[in-house]
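Asker: Just dropping this structure here.
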Amino acid sequence: MVLVQFRVRVPDVERFKAAMEKYRPVMEELGGRNNRAYVAESDPEEVCTMSEWESHDVMMAATDRFGDDFNRDAGTEGLEWETRIWHELGNPSQT
């Protein structure tokens, strides 16, 4: 299991939020769990999403299927995203 973090500065947080809600069922169907989105207290245009996936490969396969549509709906086409993949400390399957 991995925790996937995406960060991006968006021109329209409400549009991004609407896209997150629209694609939440798709992410869940493709294996994403506990999908959440956050906005930075220090920068109202910076958003971060977190979700759990079976593996980095599973997440990549899912985003290959819906990523372009999500970016179009969220207004994030062409923006630079920061991606971080987190592994739980002490999880024997990750060592």
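Asker: Anything in segment 69-95 that is out of contact with any strand residue (DSSP E or B) (no Cβ under 8 Å at 6 or more places or on another chain) and assigned to a helix (DSSP H, G or I)? List them, or say none.
Answerer: Matches in segment 69-95: ASP69, PHE70, ASN71, ARG72, ASP73, ALA74, PRO92, SER93.
Asker: Same structure, new question: Among ALA74, ALA61, which is of a type in the set (A, V, I, L, M), under 14 Å from the mean Cα position of the chain (by Cα) and within 19 Å of MET1 (Cα to Cα)?
Answerer: Result of the check over ALA74, ALA61: ALA61.
Asker: Taking segment 24-56 as the search range and keeping residues that are touching a strand residue (DSSP E or B) at 6+ places or on another chain (Cβ under 6 Å) and of a type in the set (D, E, K, R), which one is nearest to VAL13 (Cα to Cα)?
Answerer: For segment 24-56, the residue satisfying everything is GLU45.
Asker: Of all strands (runs of 3 or more DSSP E) completely enclosed by segment 1-68, which ones contain at least 1 residues that are open to solvent by 90 Å² or more (accessible area, probe 1.4 Å) and more than 16 Å from GLU82 (Cα to Cα)?
Answerer: 33-39
Asker: Moving on to the next point. If the requirement is being touching a residue at least 12 places away in the same chain (Cβ under 8 Å) and under 11 Å from the mean Cα position of the chain (by Cα), which of these qualifies: GLU46, GLU52, GLU88?
Answerer: GLU52
The values are calculated or read from the model by the stated rules, or taken from the named source; none is laboratory data. Nothing here was measured: the structure is a model prediction, and the numbers come from that model. For neighbour counting, all protein chains shown are included, and Cβ atoms are generated from backbone atoms with ideal geometry for every residue, glycine included. Quick note on the areas: whole protein, heavy atoms, side chains included, nothing else; ligands and nucleic acids left out. Shrake-Rupley method; radii C 1.70, N 1.55, O 1.52, S 1.80 Å.
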